[in-house]
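Accompanying notes for the structure given below.
The values are calculated or read from the model by the stated rules, or taken from the named source; none is laboratory data. The structure presented is a predicted model; accordingly, all values stated were derived computationally and were not measured. Every residue, glycine as well, gets a Cβ built from its backbone with ideal geometry; the counts of neighbours run over all protein chains shown. Surface accessibility is based on the protein's heavy atoms, side chains included, excluding ligands, DNA and RNA. Shrake-Rupley method; radii C 1.70, N 1.55, O 1.52, S 1.80 Å.
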Amino acid sequence: MSKLTAVADPPQSPPGANYLPWLLLLFVGSGCAALMYEIVWYQMLQLALGSTSISMGFLLASFMGGLCIGSIALPRYKTNLHPLKLYAYIEIGIAILGLLVLLFLPLLDSIYIAASGAGIPNMILRAMFAGICLLPPTILMGASLPAAARWISSTTRGASWWGFLYGGNTVGAVFGCLLTGFYILRTYNQATGIFVAMAINLVVAAIAWMLSTRTPDQISLADEPGDESIPEPVEETSSGRAVLITIGLSGATALGAEVVWTRLMGMLMGSTTYVFSIILAVFLIGLAIGSTAGAWIARSVRPRLALGWSQILLTVMIFWTCLTISDSLPYWPINPFLASSPWFTFQIDMARAIWAILPPTIFWGASFPLALAAFAKRGGDSARDVGSVYAANTLGAIIGALSVSLILVPTIGTQDTQRVLLVLAAVSALVALMPEVSKSPAMGAVLGATVMGAVFMTINVHAVPGEFIAYGRQMATMLNQSTVIYTREGINSSVAISEWPGGTTYVNVNGHVEATTELYDMALQRMVGHLPGLLHPNPKSVLGIGFGAGVSAGTFTRYPGIEHITICEIEPVIPPTTTKYFARQNYEVALNPKTKIVFDDARHFLMTTTQMFDIIASDPLDVFAKGTAALYSREYFDAVKRHLNPGGYFTLYVPLYESDFATVKGELATFFDAFPNATVWANTRQGQGYDMVFMGQADPLKMNIDEMQARLNRPDYAPVVQSLREVNFPTVQSLLATYTGRKADLSRWFGGAEVTHDRNLRLMYQAGWGINSALADPLYRAMLAVREIPNDIFTGSPETVQAQLTAIAAQH
């Protein structure tokens, strides 16, 4: 007789569970779109609000604040709508609001600029403007995770899937960051970035809607053997509050560290827009890896215990990054100028960022899903649990980012700021694990060791070397060649003063040489001032863009008729620093009673002021520096024209070194588009091309050499003569011999180059692409090859004019 053996049916997945991987992919798409919006919106809003740390703080607070509000508000919204349909509506809403921001931001810009003032009222207006633009869409972004989480019941496996969704969202953010920063904005424009993000939102919404028609309102994922069970619902306890405090502190240390490490790593790697994209991408990669791992292990461990241990390991990893940035990376034997392609440089930058930053980001990423599992209650409201943890993490991130950027770094510096972050990470571990002490005596020993270890690590956080601030990505090739005699970290920039053999002094900002006392650099800085100063028959008011060493602005103190010198500088620590070390070269312009220094983003000041000037002289950071391209757009040049008095002049410093043909052609095309009567003047180094001065005015240029020389012969112009002679311009003829061309001849070379507009700042990406170029002299020679000797610009006696034309022709 045969014996029948009963075979148990395999466990069946709950209805709809097989669609969870689809939801994960949707969150990848949501994260990609969100980062695309963030990058484009920040670029668009900075054009109105400026690029100061205060403006960026308002933008960050608005973006993160919207996420926080959305994560809190959504769980309180009760509806019978399928969670995935609600998620679909949210994605559609984000796309609609993204389009509205794109369409109506120019109108809002004009309203903001018209209403903008100074002081506290202006700060309030900036905050309101940022909030109006960013809060609506970001509130919806913050609501997306709690909305979708309500579809998954609160079990151990369910909480794990919440973490997977967060991880998928972060993976998508990595793609969005790299796609936007390296391709879309470099190849297309801001509108294209918005349209692509909208398309992703709409596709996500369509698929989410389809899934809602095929699945129940909620799926319950039964726990499996080995899963760490989630407790039954109870009233809010100190344990739940401890989890929220822990994840809040984790968010604060994460965003605070991102701010300070981006600042430091940016100096080391060149401060281009690509560098910031690389650092952000590495940060997001670590969060994605950590959140995925944390979601996986949350099933089989006690999540609160694991959360505490992740904070202990995070403390160690923060110390790792601090030491790596200060004691290791600066001494890697890397010469960035050896790379023949920017891709090789980016690979090195990515490797350095991964080596330094990735380890702690993994533990920040793991903290979020572990906090979700530790806070969740069996049978509770999934959206409420997820929203509470998300809001705590986001609120901590806002506090951390703002306090580090606006308070800690400017007051105590990056070294002590990192110490504060390290201590906060240790405190978050203590908060998470303190309830465990009563259950396990050994935990007391662990916490004691954590405290002692945190003290040891805090003491041993080192400051970055002075050469790091001075020379940044060139530090390895500059070591032991000079002496850094002073460093200071400000709210927007870090400044270093270095002395070289022979007595030359350099002022360096954010790892890049800003100005020196070398003769060729002094000549350029004086040319920015003397060209318009001598051409204008009676200048009275001057606006200087960027203080730097103060030499360009100081040039105007030599002119007897000038009554007001306004200088717009973004970093408050620069004027007192360079006044101390460049006082002789800049004639102590900062202390001159005629001088007024305005600490603001130059573009923001020029767009919002009602003042008019006879001369505007601009000496900004190099165009490859992140955000500087906004000072090279057609709209900005139009604003300059609006603030010039009749007969006024505008001069702009433009480097040829660390630049390429496409960048310089784009700069010329935009400048001549705004100033058709403009001219270009060259500053050479040992006869080789080095940098230039663009000079624009409304009317066709006429230069009466005899009248200019007559002014120099006056006794009250003796200081002007002395200032010119100090940089080897003994006569008017020698200064004007630097003439290099105008639109009529140079357009044969740059013709067809793209004009830079606010909505298309590809120049910033192009300039960053060519930062390793050594083309200064080839660029200069290319312009000389098409230059024609002008017969209609210079006037005066025939002998004087002929001598001037001969001097220009001799420049080759």
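Expressed as a whole percent, the accessible surface of the chain that belongs to carbon and sulfur atoms is 63, based on a 1.4 Å probe.
Backbone phi angles across region 300-305, fed through the Karplus curve with coefficients 6.51, -1.76 and 1.60 (θ = phi - 60°), yield HN-Hα couplings of 10, 10, 6, x, 5, 5 Hz in residue order; Gly and Pro are listed as x. Stretched out straight at 0.36 nm per residue, the stretch from Met350 to Ser797 would grow longer than its current Cα-Cα span by 154.8 nm. The residues of region 677-812 have, on average, 43 Å² of accessible surface per residue, using a 1.4 Å probe with all protein chains present.
For region 286-358, the solvent-accessible area of protein heavy atoms averages 42 Å² per residue (probe radius 1.4 Å; ligands and nucleic acids excluded).
Would you mind calculating the relative contact order of region 584-719 from Cα pairs under 8 angstrom and at least 6 residues apart, reporting the percent as a whole number?
Values: 153 pairs, mean separation 27.7, N = 136.
Relative contact order comes out at 20 percent.
Label separation (Ala710 vs Leu25): 8.1 nm, computed from points 7 Å beyond Cα along the C-beta direction. Counted by Cβ distance under 13 Å from Ser271, the other residues give a net charge of -1, where Lys and Arg count +1 and Asp and Glu count -1.
Summarising the amide proton neighbourhood of Val513: residues at separation of 5 or more, or on other chains, whose placed amide H is nearer than 5 Å comprise an empty set.
Across the chain, the relative contact order, built from alpha-carbon pairs under 8 Å that are at least six residues apart, equals 13 percent. Label separation (Ser747 vs Leu100): 4.4 nm, computed from points 7 Å beyond Cα along the C-beta direction.
Which pairs, out of Lys540/Lys596; Lys78/Lys377; Lys540/Lys594; Lys540/Lys743; Lys594/Lys702; Lys626/Lys743, put more than 22 Å between their alpha-carbon atoms?
Beyond 22 Å between Cα atoms: Lys540/Lys743; Lys594/Lys702; Lys626/Lys743.
Between the amide H of Phe582 and any residue lying 5 or more places away or on another chain, no distance stays under 5 Å, with hydrogens modeled in the peptide plane.
Taking GluC sites (Glu not before Pro) in DSSP loop states with no more than 13 other Cβ atoms inside 10 Å as exposed sites, the chain has its longest site-free stretch at 237-562. Against the main long axis of the alpha-carbon atoms of the chain, helix 798-809 sits at an angle near 40°. Against the chain, whose longest principal axis comes from its Cα atoms, helix 441-459 is set at around 0 degrees.
Distances between placed amide hydrogens fall under 5 Å for Ser618 paired with Ile545, Thr651, Leu652, Tyr653, all partners being 5 or more residues away or on another chain.
In summary, the chain shows an alpha-carbon radius of gyration equal to 1.07 times the 2.2 N^0.38 Å reference for compact globular proteins.
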